[in-house]
Structures are given as structure tokens and as C-alpha cells.
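Enquirer: Please read through the structure below; I'll follow up with questions.
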Amino acid sequence: MKITKIREMSSEDLEKEIGELKSELFKLRFSLAANGLENPMKIKEVKKDIARIKTVLRQRELEGANS
């Protein structure tokens, strides 16, 4: 997910997206342990997307505190 797309989303949408990504990460880890994955790099991508979203949410939180 691109950072520009993340910045365009509302905070509520970002919270929903984090929930979806965390459940996807759980499923990917489970699949990896059970029978392997075709693309194990997908786990890394999902983790980075979660970090990007959390970063944007934190930036918005700090901007709100400074205002």
C-alpha cells in the first residue's frame, strides 16, 4: 500500500485497515507454519503496511495535540 493512499484515508478507515491487515498477518503466519507459502515475502509487506498506517495515525495524533 502506498503512503499517499494511506494519507488520503480517514483515521477510522485506517483503524479498520489495521484490523484487516493484522488478521491477514495471522493467517499468513499460520499458513507458513502449516504448509508453507508461495510468497513468504508477503508477511514482510503486510508488516510494513501496518507500520506505515500506525505512523500516519501517530502523526495525526501529534498534530492534533499541537493545535
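The values are calculated or read from the model by the stated rules, or taken from the named source; none is laboratory data. All of these numbers come straight from a predicted model, not from anything done at the bench. Every residue, glycine as well, gets a Cβ built from its backbone with ideal geometry; the counts of neighbours run over all protein chains shown. Remember, those area values only see protein heavy atoms, side chains included, never the ligands or the DNA or RNA. Shrake-Rupley method; radii C 1.70, N 1.55, O 1.52, S 1.80 Å.
Enquirer: Please state which one of 28, 57 is in contact with a Pro (Cβ under 9 Å, 6 or more places away or on another chain) and among the aliphatic types (A, V, I, L, M).
Expert: Working: 57 fails: in contact with a Pro (Cβ under 9 Å, 6 or more places away or on another chain).
After applying the criteria, what remains is 28.
Enquirer: Which one is least open to solvent (accessible area, probe 1.4 Å), of the residues in segment 45-67 that are closer than 13 Å to residue 1 by Cβ and among the basic types (Lys, Arg)? Give the derivation first.
Expert: Going through segment 45-67, the residues closer than 13 Å to residue 1 by Cβ turn out to be 45-56.
Now restrict to residues that are among the basic types (Lys, Arg): 47-48, 52, 54.
Numbers: 47: 104, 48: 103, 52: 87, 54: 104 Å².
Filtering first and then ranking leaves 52.
Enquirer: From the list 36, 19, exactly one residue is at pLDDT below 95 and open to solvent by less than 90 Å² (accessible area, probe 1.4 Å). Which is it? Reasoning before the result, please.
Expert: On the way: 19 fails: at pLDDT below 95.
When all the criteria are applied, what remains is 36.
Enquirer: Contact list please: Cβ distance under 8 Å, first residue in segment 1-21 and more than 12 Å from residue 54 (Cα to Cα) and touching a residue at least 12 places away in the same chain (Cβ under 8 Å), second residue assigned to a helix (DSSP H, G or I) and open to solvent by 40 Å² or more (accessible area, probe 1.4 Å), pairs at least six apart or on different chains.
Expert: Listed pairs, sorted by first residue: 1/52.
Enquirer: Moving to a separate point now. Look at residue 29 and say whether it is surrounded by 12 or more Cβ atoms within 10 Å (Cβ to Cβ) and of a type outside the set (Gly, Ala, Ser).
Expert: Values: surrounded by 12 or more Cβ atoms within 10 Å (Cβ to Cβ): yes; of a type outside the set (Gly, Ala, Ser): yes.
Answer is yes for this residue.
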